[in-house]
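These notes are about the structure you will find just below.
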Amino acid sequence: MINPENLLELAETVIYSKTNIYCSDLQRGILVTTLRGERKTYEQLADEYGYSAKYLKQDVAPKLWHLLSEALGKKVTKSNARAILEQEMRRNQNSSSLEIKQSAFNAINPLAVNEATTSSLRAASTSEAKLQILTHASILLVDDKPENLNLLSNILEEQGYEVRQVNNGNLALQTASLATPDLILLDIRVPELDAYSICQKFKSDPKTQDIPVIFVTALDESWDKVKAFSIGGIDCITKPFRVAEVLARVENQLRIQKFQKGLKAENTQLQEANQELQRLVTSESLTQIGNPYKFDESLLINLEYPDNTVSLDSPFYITRTPSEQLSCEQILKPGSLTRIQAPRKMGKSSLLLRIMKFAQQQNYKTVKIDFQEADRAAYTSLNKFLRWFCANIGRQLQLPPLLDQYWDEEMGSKVSCGIYFEGYLLKQIETPIVLVLNEVNLVFEYLNIAEEFLSLLCFWHEKSRQSIEFQKLRLVVAHSTEINLSLDINKSPFNLGLPIKLSEFNLKQVQDLIKRHGLNLISEDKVKQLIDMVGGHPYLVRIALYHLARKEITLEEFLKQAPTQGGIYGRILRHHWEIIQKKPALSTALKQILMTNESISLEPILSHQLESMGLIKLDGDRAYISCQMYRLYFNNQYQQKENTL
C-alpha cells in the first residue's frame, strides 16, 4: 500500500501543474483525511477547521474534486480519490526508468522525497514559454550532505537548469566568484562558514551582490529568519522537499532576476546615449566652427523635474533592493497582499509602475485604482463607493459592468461587492489579476467608509486560503504613512500580507544619481554634505540635483538656502510647520528632539507620527532628527515664535 503522504504530494503536484495554485489548508485537510481512510464527515471537518459544513460540501470539496478530475482526466470523488491516485502513481512508476532509479535512491536516503518525486517532476514541469525564458539558467547548490545535493540536482536538471554543487562555504564563495550563477540555494547549516556569513559575503562582493539567495532549511530547524532576510536572503525552501514548491520558488526568483537585469540594461543604455550626446555637442570640432546647436549644457541631459512618477524609461530611477524584488516576488503568490508604505514623495507610485510592468510580463492582468480620481460624490456612502470601485475595475478589464445583476441591497454592499468579484470578475479572467490600490490614505478621510472597505480587503485576503477564485487576486496597497491613527488596525489590511517600507537612498545610490545628472565632478565629501542636509529622501535629493544640474544654484548656495522658506524646499517646510502647529503634542516632542544631538525616547504614537512625516528616524525605540535641514529650519521657527511672544 502506498504511503498516504506520497499520494498527497502527487495530488498537490497535479493540481499545481493544472492551476498554478497551491492547495489551501482546508483542501489539504480534506485530502489528508480522505487518503488516510479516516471516516470523517464534512460536518466533523467543518468543526475542526471552524467553517460551516455547507461551505465545505457545496464549495470547497466540489472544487477540489473538480480540479483533480481535470488534472487526471478522470472522475474523482471523495470515495475513489485514493484508488485513482494509486493507479496514477503506479502508471507513472512503470513508464519511467528514471523513476525506478529515484525510488532506489529514496529507499536508502531518509531526506529524499517520496516515490512520487519523478512523476511530480513531470507534472510540475514548466511550459514552453517558461523554458524559453529560463533555459540554461545556472544554479549553485551549497550543502554539506551529498544526498541533498544529488536530490536537488535531479529536480533542477530535469527542468533544464545547469547545476553546480559545493559542500562548504569557502568553496561556494570561490565558485560564485569565478563563474557567476543566476541563483544560489544555500543550506542554513554548512561547515567552515555559517550561512549568514556566506550570504553577507555574497552581498558585499560587486560580482555576486545581485544574485538571489534562497535559504534551505529543515521544517524543525531553528534559524533566524529575520536575520536571513535582512542580510540579503530573498526566500526559503524547507525540507523534506516538495518538488512543485522548489520549482515554483526557483522559477519565481529567476523571473524577477531577469526583469531587474532588463531594467538595469535599459538605464545603462540611456546613460551611455546621454554621455555620447554631451560629448558630441561640446566636442572641440564643433565649438571651433561656432556650433549653431550650442545651448545650456544642463539641457544635454534630459532632465526631469521630480514632481511625478518616474517613468519606466527614465534614467533617473534608482532600484531599491530588496523592496522591488520582494514586491515582484509577492505578486506571484496566490491570493497575496503587498502593502507599500512610506512618507509622501518617497517613490511609491514609481515602484507600483514597475510592479505592474513585471506582472504584465508574466501575462497577468493589471488594474490600477488611484483614489485621487474619485469624485467626492463617490464617498457619500459605502454603497456608492463600492459600486464606483467595481465599475472602475470592470472597465479596466474590458468587461461589461453588470453591477445591477450582482448587487442586492438586502444583502448589503460589502457582500454584493464580494459576489461581484468572485462570481463575475474573477470567473471571467483565467489569469491572475494584480489589483493595485494607490493613495489609499485618501479613503482614510472618510472614516466610516475606510473601516468597511479595509475590512473587506482583509476578508478577501483571508478568503483566498479557501477560494480558488480569490487566489487569482493579488492585492497591492500603497499608502502614505501620514494616516488616520483612529483606524482599527485589526479591521484593516495593515497587519496582514508583506509590508514593504521604502527606505531612503544610501551614499552609493546618491552618487549614482549624481552621475546620471551629469554632475561627475562632485567629490564624496560634497556628496556627504548634501546627504547630511536633506538625508537620502529621494524627492529632496532629486530636487537638489535638478537645480544643480541646470546650474541655477551652486552646492554652496544650496547648503545655505535649503533650510530657509525662500529656498527650493520652502513649500515643503511650510507644509510641515503648519501640521506641527496644529498638533501641540507633536510640537513638544519635536522640540525635545531638537534640543539634543543624541537620540531620545518618545511616546510611541508621537514617534510614529513624526516618522510618518519624515521628520525623524528611529533607532529601535529612540528617535533623532532625520536631517540638518529640518533641525535648522524648525529651530529657527521656534526661535522666531518665542521672540514674538
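Quick notes on this structure:
- Rounded to the nearest 20, the size of the Cβ-charge dipole of the stretch 301-357 about its Cα centre is 260 debye, with Lys and Arg at +1 and Asp and Glu at -1.
- Residues of type lysines that residue 551 reaches as a straight line, Cα spacing below 22 Å, ignoring anything fewer than 8 places off in the same chain: 294, 515, 526, 528, 560
- The stretch 535-639: relative contact order as a whole-number percent, Cα under 8 Å and 6+ apart: 22 percent
- FRET efficiency, residue 618 to residue 74 (Cβ-Cβ, R0 56 Å, nearest 0.05): 0.45
- Label zone (residue 314, point 7 Å along Cα-to-C-beta; backbone nitrogen cut-off 19 Å) within the stretch 512-552: 512-519, 535-551.
- Pairs over the 21 Å Cα-Cα cut-off, from the set 345/641; 57/78; 203/258: 345/641.
- Sorted fewest first by neighbouring Cβ atoms within 10 angstrom, 355, 369 come out as 369, 355.
- Averaging the sequence gap over all C-alpha pairs within less than 8 Å and six or more residues apart, then dividing by the number of residues, gives the stretch 323-501 a relative contact order of 38 percent.
- Above-threshold pairs, the threshold being 18 Å between Cα atoms, out of 333/463; 348/463; 591/617; 239/463: 348/463; 239/463
- Cut-off under 5 Å, modelled amide H: who pairs with residue 239 long-range: 217, 218, 219
- Simple rule: put +1 on each Lys or Arg Cβ and -1 on each Asp or Glu Cβ in the stretch 125-253, find the dipole, and look at 200, 253, 156; the Cα lying farthest toward the positive end is 200.
- Whole-Hz couplings from phi, Karplus 6.51/-1.76/1.60, listed for the stretch 605-613; x for Gly and Pro: 5, 5, 4, 4, 5, 5, 5, 4, 7
- When the Cα positions of 616, 570, 601 are compared along the charge dipole of the stretch 563-645, 570 comes out farthest toward the positive end, with charges on each C-beta of Lys, Arg, Asp and Glu.
- With a simple spin-label model that places each label point 7 Å from the Cα along the Cα-to-Cβ direction, the separation between residue 601 and residue 376 comes to 4.6 nm.
Taken together, the values in this text are just the output of simple stated rules run on the coordinates, not laboratory data. Fair warning: this is a prediction, and the values are worked out from it, not measured in the lab. As a convention, Cβ positions derive from the backbone with ideal geometry for all residues, glycine included, and neighbour counts pool all protein chains shown.
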